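The values are calculated or read from the model by the stated rules, or taken from the named source; none is laboratory data. Bear in mind the structure is a predicted one, so any value in this text is a computation, not a measurement. Neighbour counts are summed over all protein chains in view; Cβ atoms, including those assigned to glycine, are modelled from backbone coordinates with ideal geometry. Surface accessibility is based on the protein's heavy atoms, side chains included, excluding ligands, DNA and RNA. Shrake-Rupley method; radii C 1.70, N 1.55, O 1.52, S 1.80 Å.
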Amino acid sequence: MFDWLFASPAERRLLGQQKLRGPTPWVIAIMSFSILIIAATGLALANTAGVLTRAIEARYAVEVPNGGGDLARITDVVRRSPGVTSAEPVSESDMRKTLERWLGPAAAASGDLPVPALVNFDVGADANLGAIEQSVRAVAPDARIVAHRESIGPLLHSLRLLQWVAFGLVLMLSGAASAAVVLAARGALDTHRSTIEVMHGVGATDVQVTRLFQRRIAIDALVGSVAGAGAAAVVLLLLTAGASFAGELMGGATLSGPDLVILALLPLALTALATWVARTAVLAALRQAL
Amino acid sequence: MAEFDSVGLRYGTGAEVLRDLDFRLANGGFYFLTGPSGAGKTSLLKLLYLAQRPTRGRIKLFGEELSEAPRDALPQFRRRIGVVFQDFRLIRHLSAFDNVALPLRVAGAKDEDVEGPVREMLAWVGLADRSSARPPTLSGGEQQRVAIARAVINRPELLVADEPTGNVDADMANRLMGLFTALNRLGTTVVVATHDVGLIGATPGAQMIRIEQGTLTDPTGVLKHPPGRA
């Protein structure tokens, strides 16, 4: 299956001895670098979305819009409800600090500003949210229960959209790399047209001729994609080191073991794609001749 | 060996360069193809060595109808034909040795089976000491001899040569014709396109095919119905 990779010295001499000349390895290296960075970003976004989804899946909040009611009592009612695993009130001072970010320092000082009361709680699988809401309303009639996933939904939607954008970009770059390989293959065929004519003249088959170009382009593609992947790995390591200083927001944007395996396989996949495209392009071009 | 029936050839949408070719080449025959420049000698040779398909008519080679044969089938027939091109068509970046060895390697010969025959052939054409030289460093005559060595290394059943002695001196021309004659005696059918009437006279038993303005001149009908086996 891979015997074409192991050409004899005589076969190698047929296309001359020049190595890594022409733009193909460089183009493949740039594509490989870009593909890896984008794929890593897409995978990290997927992980972030997963972490966020898991974190808020069972998280709800009791919200009393005008701050009416006794926060400690509401918390107590929530904690005692069946299926609730934890409940934490958000103190008025913390709420005022949050409001201050949007409304300015007056929000923290003004006694006229109604501050909503908020109790965050997590539930197990057996929780009955309707019953919890009824119990809370007995204490604070305006209270309502809000799922965290509703408030963070648009963010998750954006993250998933970005994942698909990353996937699309990987496909587009792979397509661009393939187009570059087709051009390189055609260029190589033009350069070696007289050699090909002689080979055909002495009875070489298209497959024999194709093997020479396929091997050359496979080597160029492998060198280019490994070099691009190496550069991308350095950049990703620097980004990861920087991310550890970026606080909690970046905490979920990490790459798992399987992600690293996928990233490691991408240069090989790019090489395989380039080789297949080169073989197809060369065979198609040779069929134009007699 | 070869049968041409009502064969015509045109390039693109141009006029026919070959018209109504009807002839047979007998197995083991020796033929000289002559005619003025532009008469269609090279085009006829291209049909013979399967570098071109006829635009009409039928060509049979080695007993097989090849005019419309699938292109995948052609390489095995090309391996049975040796070709000496007018412009040599040597691969410039390969040594004389590798150029001569090419048909053997294409046919799947192993390196150990290539060395001996190639050295022997290079010695025969007087280039034993030039085996590692590349074509650009060889004279026209030397390149011609490498091209001839490449054409005959495989002991082809059909040898087609386009002006093979055009770039060599009289002595070498005689030696090359001697090689062609020797191959012919071993059963190879030889077709040589040439302007050199001296060669024709010096090759006993050879038959002349004259082509003018794309048409074969065969007043006696001997080419259409050769005396030997077709």
Using just the alpha carbons, could you tell me how many Å³ per residue the convex hull of the protein assembly as shown encloses?
-> 228 Å³
Dividing the alpha-carbon Rg of the stretch B:86-230 by 2.2 N^0.38 Å yields what?
-> 1.13
Please report, to two decimal places, log10 I(q)/I(0) for the stretch A:130-219 at q = 0.11, 0.19, 0.20, 0.24 Å⁻¹ as given by the Debye formula with identical point scatterers on the Cα atoms and no solvent.
-> -0.60, -0.93, -0.98, -1.12
In the stretch A:255-290, what residues drop by 40 Å² or more in accessible surface going from the chain by itself to the full protein assembly, probe 1.4 Å?
-> A:L290
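Order A:164-175, B:79-90, B:34-45 from most to least packed using the mean count of other Cβ atoms within 10 Å.
Numbers: A:164-175: 15.3, B:79-90: 21.2, B:34-45: 19.1.
Per-residue mean Cβ counts within 10 Å order the peptides as B:79-90, B:34-45, A:164-175.
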Losing no less than 50 Å² of accessible area (probe 1.4 Å) relative to the isolated chain, the residues of the stretch A:184-210 are A:V198, A:V202, A:G203
Using Cα-only point scatterers and the Debye equation, what is log10 of I(q)/I(0) for the stretch B:1-131 at each q in 0.10, 0.18 Å⁻¹, rounded to two decimals?
-> -0.43, -1.10
Computed accessible area, A:I38, all protein chains, 1.4 angstrom probe, square angstrom | 40 Å²
Probe 1.4 Å, heavy atoms of protein chains only: per residue, the accessible area of chain A in Å² is 55 Å²
Rounded to the nearest 0.05, FRET efficiency between B:A69 and A:A284 (Cβ-Cβ, R0 25 Å) equals 0.80
All Cα pairs of the stretch A:60-204, percent lying beyond 22 Å | 63 percent
Divide by every residue of chain B the summed helix terms, -39500 (n - 2.57) for each DSSP H run of at least 4, and state the resulting mean residue ellipticity at 222 nm, rounded to the nearest 500 deg cm²/dmol.
-> -9500 deg cm²/dmol
Considering only protein heavy atoms, with the full assembly of protein chains and a 1.4 angstrom probe, order B:D171, A:D259 by accessible area, largest first.
-> B:D171, A:D259
If every Lys and Arg gets +1 and every Asp and Glu gets -1 at its Cβ, then about the Cα centre the stretch A:52-169 yields a dipole, in debye to the nearest 20, of 280 debye
What ranking, highest mean first, results for peptides A:220-230, A:56-66 when packing means the other Cβ atoms within 10 Å averaged over each residue?
-> A:220-230, A:56-66
How much net charge surrounds A:V119 when only the other residues with a Cβ under 15 Å from the Cβ of A:V119 are counted, with Lys and Arg +1 and Asp and Glu -1?
-> -3
Per-pair calculated FRET efficiency, R0 = 25 Å: B:D171 and B:S139 via Cβ, rounded to 0.05 | 0.95
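Might you report the magnitude of the Cβ-based charge dipole of the protein assembly as shown about its Cα centre, with Lys and Arg at +1 and Asp and Glu at -1, to the nearest 20 debye?
Dipole about the Cα centre, nearest 20: 1400 debye.
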Value in Å of the Kirkwood radius, where chain A supplies the Cα pairs that are averaged = 24.1 Å
In what sequence, largest accessible area first, do A:D112, B:D5 appear using a 1.4 Å probe?
-> A:D112, B:D5
Looking at the stretch B:148-187 from every direction and averaging, what is the projected area of its Cα convex hull in nm²?
-> 2.7 nm²
Rounded to the nearest 20 debye, dipole of the stretch B:104-167 from Cβ charges on Lys, Arg, Asp, Glu = 120 debye
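First compute the accessible area of the protein assembly as shown with a 1.4 Å probe, then give the percent of it belonging to carbon and sulfur atoms.
Answer for the protein assembly as shown is 58 percent, counting heavy atoms of protein chains only.
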Using protein heavy atoms only (no ligands, DNA or RNA), what is the total accessible area buried between B and A, 1.4 Å probe, nearest 100 Å²?
-> 1800 Å²
Of A:N120, A:S135, A:A176, farthest towards positive along the dipole that unit charges on Lys, Arg, Asp, Glu beta carbons give the protein assembly as shown | A:A176
Two-decimal log10 I(q)/I(0) for the stretch A:131-290, as the Debye equation yields it once each C-alpha is a single scatterer, q = 0.13, 0.14, 0.17 Å⁻¹ | -0.80, -0.87, -1.05
With every protein chain kept in place and a 1.4 Å probe, chain B has an accessible area per residue in Å² of 43 Å²
